[in-house]
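Down below is the structure, laid out as C-alpha cells.
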Amino acid sequence: MAGKQQVTKSSELSICDSYFENIQSRKKLPFSLQETLTAAFAEIPASSFPPVPGGKVIEILADSSVADAVRILSECNIMAAPVKKVDAGDSLDWRDRYLGIIDYSAIVLWVLESAELAAVALAATSAAAAGIGTGAVGALGAVALGLTGPVAVAGLTAAAVGAAVVGGVAAEKGAGKDASTAADNLGQDFYKVLLQEEPFKSTTVGSIITSYRWSPFLPVTTNSSMLSILLLLSKYRLRNVPVIEPGKPDIQNFITQSAIVQGLEGCKGRDWFDCIAAQPISNVGLPFVSANEVVSVQSGELILEAFKKMKDNKIGGLPVVEGPNKKIIGNLSIRDIRHLLLKPELFSNFRQHTVMDFMNAIVSTTKGTGSVIPPITCKPDATLGSLIHALSSRSGHRIHVVNQSEEVVGVITLRDVISCFVYEPPNHFDSYFSFSTKEMLDE
C-alpha cells in the first residue's frame, strides 16, 4: 500500500490484519472461487516456483561498502539481495550465515541520514576554521540534533556535530536536521563527503542493515506452501522471501513480489486466472489507496525531498505531478537513488536540481527516446488482467489510477495485486508460522 502512514498504537501485525480485512471485504468475487484457489496454493510447494534468472541467488558480503552494494544491485538489475556474514564458516543454520537483506529502501534511509551528518560535518569545518574547538560537545551534539544510527557515533561525526552545535551552525536554517535542505545548501560538497570522506566512505552493508531495514529477514523452506509465501508478500508486507533447503548452507531461491506478478501473467488461459483477471479493478477492491491518500511529489520539488517522502511514508515510489490537481507526468522509484550514488558527476550543480531535472538527467544517460519515460497508469474501469500485463511487461512496482484528465485518483501496488488472488484461511497464521516468526513480523 503506497499511501500515507497512519500513526497508531497498533502493532505491525494489527496493521497488516486491518489492511487485509479491508481489501478482502471489498472483493466482489465468489467465495467458492477464492476458497478453491487458496486450497490449491496451499498444496503447491515453494520448490516448484521458478528459480531466479541465472539460477543462482545474488548475495552481498557484509563487509562490502554501501557503494559496492549499490553497484551490484544496479548491474544485476535487482532491488534487493541477501547479506552473508563474512565469518559464516561451515554452519548450515541460516541464522549463522545471513544478516538480512539489503535493498534500496535501506540505502535511501542511510543516504538521508548521511546527508544530515555530512551537512553538519561541513558546517563544522567552517566553524573549526573560525577557531571553534571541534570536540567541544562531541557525541552530546549528535543527541541534541536527533541523529541516531551507526554513523552517528563515528569519530568524525561526533567531533563535527560538536563543533556545529558550539558554533550555532546547526540552528541556522535547520542545517543537519533536514536532508534535502542539506543537499540544497551543500551541492557538490555533499557527494564529496558521502562518497570520499570517512566515516561515510567505509560504511559497510553489515553496519547499516539492522538499523535501516524496512522488513525482517524471514526465510521459508522449500517445502513451505506457496500460500504462505503469497500471504507474506501481500498481507504481511514483505517484498521478498528467501527460500532455504534444510541441511544446505545457501539460499536456494529468492521470491519477490515482482516475480509473483510475472508468474500470474504466465497463467493466462487458465480458467481461474481468466475469471479473476476479467474483473474490473473496482470488483477486487482496488484502488485501495484513494486520491487523497496518495503521496506524490511536485516536479519542481528537490529530489532528496522526494526520497525523504518515501522514507517517511515507507513506500517504494511516488507519482511526479504538476499543479494542484496532481496531473501525473512521471514516476520516481526508490531504486532511482542509485543514480545519485553511481553518477554524482551528473548532479554537480545539485542545489538547483528538481525532480524534473533529475529525471531528465537520467534519461540523457540511458538508452531511450530522450524524453522522460511515461509512468504506468490505468483508468478506473481497467481490468485486473490489464494491470498485471502492464506491471509484468514493464517490470513496474506500482500503477497509478488516473481520470480522463490524467490526474491521479489512486495507486495500486504489487502487494495489492497479489492480495486479490489469496485470502488467509482461519488459523493459518497460528498453524504455519512459529512464535519467533510472529515476533519478527511484528518488529
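The values are calculated or read from the model by the stated rules, or taken from the named source; none is laboratory data. Computed from a prediction, not measured in an experiment: that's the story for all the values here. Virtual Cβ from ideal backbone geometry, glycine too; neighbours counted across all protein chains shown. Surface areas here come from the heavy atoms of the whole protein model, side chains and all, with no ligands, DNA or RNA. Shrake-Rupley method; radii C 1.70, N 1.55, O 1.52, S 1.80 Å.
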For D250, residues with placed amide H under 5 Å, excluding near neighbours: none
Divide, for the range 13-57, the radius of gyration over alpha carbons by 2.2 N^0.38 Å, where N is the residue count. 1.65
Sort 23-29, 282-288 for me by packing, meaning the mean count of neighbouring Cβ atoms within 10 Å per residue, highest on top. 282-288, 23-29
Output the peptides 76-89, 263-276 sorted from most to least packed, where packing is the average of other Cβ atoms within 10 Å over each peptide's residues. 76-89, 263-276
For the table K84/K379; K201/K314; K27/K84; K27/K309; K248/K314, the rows whose alpha-carbon distance is greater than 32 Å are K84/K379; K27/K84; K248/K314
With a probe of 1.4 Å, find how much accessible area the range 255-345 has per residue, and write the answer as a whole number in Å². 37
For the range 87-100, in order, what is each residue's ³J(HN,Hα) by Karplus, 6.51 cos²θ - 1.76 cosθ + 1.60 with θ = phi - 60°, in whole Hz (x at glycine and Pro)? 9, 4, x, 9, 4, 9, 7, 4, 5, 8, 10, 10, 8, x
Would you please put 241-250, 297-306 in order of how densely packed they are, using the mean number of other Cβ atoms within 10 angstrom per residue and starting with the highest? 297-306, 241-250
